Amino acid sequence: MANAAGFLRGAAAAALMLLNGGVQGQQGSAAAAPAEAAPAAAPVDCTNFKHEERWRGSRTEQRPDGSAFTSPQMRLAQPLYPAKELREGLSGTVLMEFTIEVDGKPTELEVRQTPGPAFSEYARASVLCSQYRPATLDGTPVAMRVRLPFRYEIQE
């Protein structure tokens with residue numbers, strides 16, 4: 001079997017979807033289980049996660065009322081591929097929805113789509129280990145709900 005590195009396209013292919021009037025990204029078309037509540041908030045060890053080098057996001061738009069809205073920024077923690085699912089050749093997309101609070105912390109995590117619980121848990125850990133800068137409205141940080149897909153694909 002080839003090395004698992006590069007098998008996960010999640011962070012590289014992840015597209016931030018902003019809710020509450022922000023920019024809407026595209027969603028994967030893979031069949032998946034219905035939305036599920038995120039597992040209980042167990043501590044996550046972030047020491048084995050590598051972060052993207054660059055921050056994503058920070059698109060500013062002028063609103064009709066004259067206010068300036070800037071989307072949140074993130075440096076994703078590269079999610080890990082669940083070992084058993086990798087061995088079995090399973091793939092799919094996990095769609096996480098969560099709030100980036102004014103202090104940049106992710107809260108209220110929900111799994112909106114998943115091919116299985118192990119994928120959900122790894123995507124949840126990635127969300128919790130990633131780094132965020134909150135959205136702003138006229139320079140003032142605001143909490144914002146976002147959706148983020150993690151695509152797990154095995155490359156031949």
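The values are calculated or read from the model by the stated rules, or taken from the named source; none is laboratory data. Note that the coordinates shown come from a computational prediction; the quantities given were computed from them, not determined experimentally. Positions of Cβ are generated from backbone atoms using ideal geometry, with glycine treated the same way; all protein chains shown enter the neighbour counts. Protein only, heavy atoms only, side chains kept; ligands, DNA and RNA dropped before computing areas. Shrake-Rupley method; radii C 1.70, N 1.55, O 1.52, S 1.80 Å.
One table, with the values for the structure above:
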item: Meets criteria (at pLDDT below 95 and farther than 19 Å from Arg56 by Cα) for Leu109; result: no
item: Some residue of the stretch 66-75 being farther than 20 Å from Val44 by Cα, open to solvent by 30 Å² or more (accessible area, probe 1.4 Å) and assigned to a helix (DSSP H, G or I); result: no
item: Counted residues, the stretch 76-88 - those being part of a loop (DSSP other than H, G, I, E, B) and open to solvent by less than 30 Å² (accessible area, probe 1.4 Å); result: 4
item: Residues (surrounded by fewer than 18 Cβ atoms within 10 Å (Cβ to Cβ) and not basic (Lys, Arg)) located in the stretch 125-137; result: Gln131, Leu137
item: All positions within the stretch 89-147 that are touching a helix residue (DSSP H, G or I) at 6+ places or on another chain (Cβ under 9 Å), outside any strand (DSSP E or B) and of a type in the set (A, V, I, L, M); result: Leu90, Ala118, Ala123
item: Scan of the stretch 46-63 for residues that are open to solvent by 60 Å² or more (accessible area, probe 1.4 Å) and more than 26 Å from Pro82 (Cβ to Cβ), ordered by number; result: Arg54, Trp55, Arg59, Thr60, Gln62, Arg63
item: Residue in the stretch 88-96 that is more than 30 Å from Gly66 (Cα to Cα) and without any contact (Cβ under 8 Å) to a residue 24 or more places away in the chain present; result: yes
item: All positions within the stretch 110-124 that are out of contact with any Pro (no Cβ under 7 Å at 6 or more places or on another chain) and open to solvent by less than 30 Å² (accessible area, probe 1.4 Å); result: Val111, Gln113, Thr114, Gly116, Ser120
item: Those residues of the stretch 142-156 which are touching a strand residue (DSSP E or B) at 6+ places or on another chain (Cβ under 7 Å) and either surrounded by fewer than 18 Cβ atoms within 10 Å (Cβ to Cβ) or not hydroxyl-bearing (Ser, Thr, Tyr) (or both), in sequence order; result: Val142, Ala143, Met144, Arg145, Val146, Arg147, Leu148, Pro149, Phe150, Arg151
